[in-house]
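Data block below; observations after.
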Number of protein chains: 2
Amino acid sequence: MIAYSLLLKKFKILLKDNALKFTKQRELILKFLYENSGHHTPEEIYILLKKSYPDITIGIATVYRTLTLLEESDIVSSISFGVQGKKYEIGLKKHHDHLICTSCGKIIEFFDETIERQQEKIAKTFNFKMTGHTMKIVGICEACQKNKHQQTEEKL
Amino acid sequence: MIAYSLLLKKFKILLKDNALKFTKQRELILKFLYENSGHHTPEEIYILLKKSYPDITIGIATVYRTLTLLEESDIVSSISFGVQGKKYEIGLKKHHDHLICTSCGKIIEFFDETIERQQEKIAKTFNFKMTGHTMKIVGICEACQKNKHQQTEEKL
DNA sequence: CTGACTGCAAAATCTTTGCAAAGAC
DNA sequence: GTCTTTGCAAAGATTTTGCAGTCAG
């Protein structure tokens, strides 16, 4: 995993190259995602930042704007949950796909060489210039299969 | 492909089994999806039904409610576009995945045995009880690669 | 200084809900 | 008749936008 200082440098260069400014808010959002690996909603990030740094102000709009910027710059990636919005995670890790438990909402990451290769083949078959892909396997995780009584109470 | 009369029968049985009622609105939505293969937004369905059948009334809420019902019953399936909502298609075809063009929005369906098998393997590895999966490959379709000037005007 | 960034509140999207009237069985 | 379904409009949820003040460079 890349060190935070390097990531920060990369981010600053990116901002400079696009005539954008380095602000406390942007840094905090980046730092939050770096320190809290996993998937986070914009609101989650907003609430937790407000709590962690009561001395600085931040608005939900800034969180959305920054996440969009970070995503366009390939620093974070997002995973969509239909109407329930998106979750963001730092995207410096190796590419991976997701297993999602519909009972508890847990997200497990995996990487599979066979699938990666096959996707490229398929894109080629359709003369598609592939720019990305997402794959989600949904189901019930091991823990939830054991706690059967919980499965009906919640729904993702 | 299943005949419409059979599909309708299946739908009626499903309604009866759940003490639900067969209404003109529900039938029209099912029929629309049957006759218009491909992916449709709830609003699209609503607008087109109103236009096609000026003598019956239908509300957008009913479209949403019916689509939810049809999806839960595995008669239609949906594909999510993040904040931009969902699109629905009749789900009687063989399972398939999607290639999505980010330039023109075109959706191409494909089925790949290797990927299907590999997904089952992955689920097994994590002791996941797989209930479904979605895979989207995004990129630029063949036609849009040729019409490069159009690519920057639109965005999915 | 200048132009980008921010928070706020308002607007925009997409979807769901409450309710009284209408309809299925 | 009874209980579900419907359309409507209002409410929700999530995200975006307009704007005036603030801040980075």
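The values are calculated or read from the model by the stated rules, or taken from the named source; none is laboratory data. Here the structure is a predicted model, which is why all the values come from computation and not from measurement. Because the Cβ atoms are built from the backbone with ideal geometry, glycine has one as well, and the counts that use them run over all protein chains shown. Just the protein is used for accessible areas: all its heavy atoms, side chains included, with ligands, DNA and RNA removed. Shrake-Rupley method; radii C 1.70, N 1.55, O 1.52, S 1.80 Å.
Using a simple charge model, +1 on the beta-carbon of Lys and Arg, -1 on the beta-carbon of Asp and Glu, nothing else, what dipole does the range A:1-112 show about its Cα centre, in debye to the nearest 20?
Using Cβ point charges on Lys, Arg, Asp and Glu, the range A:1-112 gives about 440 debye.
For the range A:20-156, treating each Cα as an identical point scatterer without solvent, what Debye log10 I(q)/I(0) comes out at q = 0.13 1/Å?
Each listed q maps to, in turn, -0.70.
Of the DSSP beta bridges with both residues in chain A, give the percent that are antiparallel, rounding to the nearest 5.
Here the share of antiparallel DSSP bridges comes out near 70 percent.
On the full set of protein chains, 1.4 Å probe, figure out the accessible area of B:His98 and give it in Å² to the nearest 10.
20
Using protein chains only and a probe of 1.4 angstrom, how many square angstrom of A:Lys21 are accessible, to the nearest 10?
Taking all protein chains as shown, A:Lys21 has close to 150 Å².
Compute the FRET efficiency between A:Leu48 and A:Thr134 as 1/(1 + (r/R0)^6), taking r as their Cβ-Cβ distance and R0 = 22 Å, and round to the nearest 0.05.
It comes to 0.30.
Kirkwood-based Rg over Rh for the range A:1-93 (C-alpha set), two decimals?
Numbers: Rg = 12.6 Å, Rh = 13.4 Å.
My calculation puts Rg/Rh at 0.94.
How far is A:Asn127 from the same spot in each other copy, in nm, shortest first, if each label point sits 7 Å from Cα toward Cβ?
4.9
List the longest stretch of chain B that has no exposed loop site; here a site is one of the GluC sites (Glu not before Pro) assigned by DSSP to anything other than H, G, I, E or B, with at most 13 other Cβ within 10 Å.
Longest stretch, sites excluded: B:1-152.
Just want the answer: with Cβ charges of +1 for Lys and Arg and -1 for Asp and Glu, which residue in B:His95, B:Ala123, B:Thr134 is farthest toward the dipole's positive end in the range B:94-156?
Checking the options against the dipole of the range B:94-156, the answer is B:Ala123.
Can you give the accessible area of A:Asp74, probe radius 1.4 Å, in Å² rounded to 10?
Approximately 110 Å² for this residue.
Could you identify the residue of A sitting closest to the A-B rotation axis by Cβ and state that distance rounded to whole angstrom?
A:Met135, 2
Cut-off under 23 Å on the C-alpha distance; same-chain residues fewer than 8 positions from A:Lys16 excluded. Which lysines are left, in chain and number order?
In chain and number order, the partners are A:Lys24, A:Lys31.
Could you pull out every residue, at least 5 positions away or on a different chain, whose amide H is within less than 5 Å of the one on B:Val76? Hs are placed 1.01 Å off N in the peptide plane, and Pro or chain starts have none.
Answer set, sorted by chain and number: B:Glu71, B:Gly91.
Suppose every Lys and Arg Cβ carries +1 and every Asp and Glu Cβ carries -1, with no other charges. What dipole size does the protein assembly as shown come out with about its Cα centre, to the nearest 20 debye?
Values: 48 positive and 38 negative charges, 56 e Å.
I would put it at about 280 debye.
Direction-averaged shadow area of the convex hull around the Cα atoms of the range B:94-156, nm²?
Value for the range B:94-156: 5.3 nm².
Which sequence of A:Asp97, A:Asp55 reflects their accessible areas, 1.4 Å probe, from the largest down?
Highest to lowest solvent-accessible surface, that is A:Asp55, A:Asp97.
For a quick check of your reading of the filter: which chymotrypsin sites (Phe, Trp or Tyr not before Pro) in the range B:14-68 sit in a DSSP loop and have no more than 14 other Cβ atoms within 10 Å? Don't jump to the answer; show the numbers that get you there.
Numbers: sites: B:Phe22, B:Phe32, B:Tyr34, B:Tyr46, B:Tyr64; in loops: B:Phe22.
The qualifying sites are B:Phe22.
Just the Cα atoms of the protein assembly as shown: what Rg and Dmax do they give in Å?
Looking at the protein assembly as shown, its Cα Rg and Dmax stand at 22.1, 66 Å.
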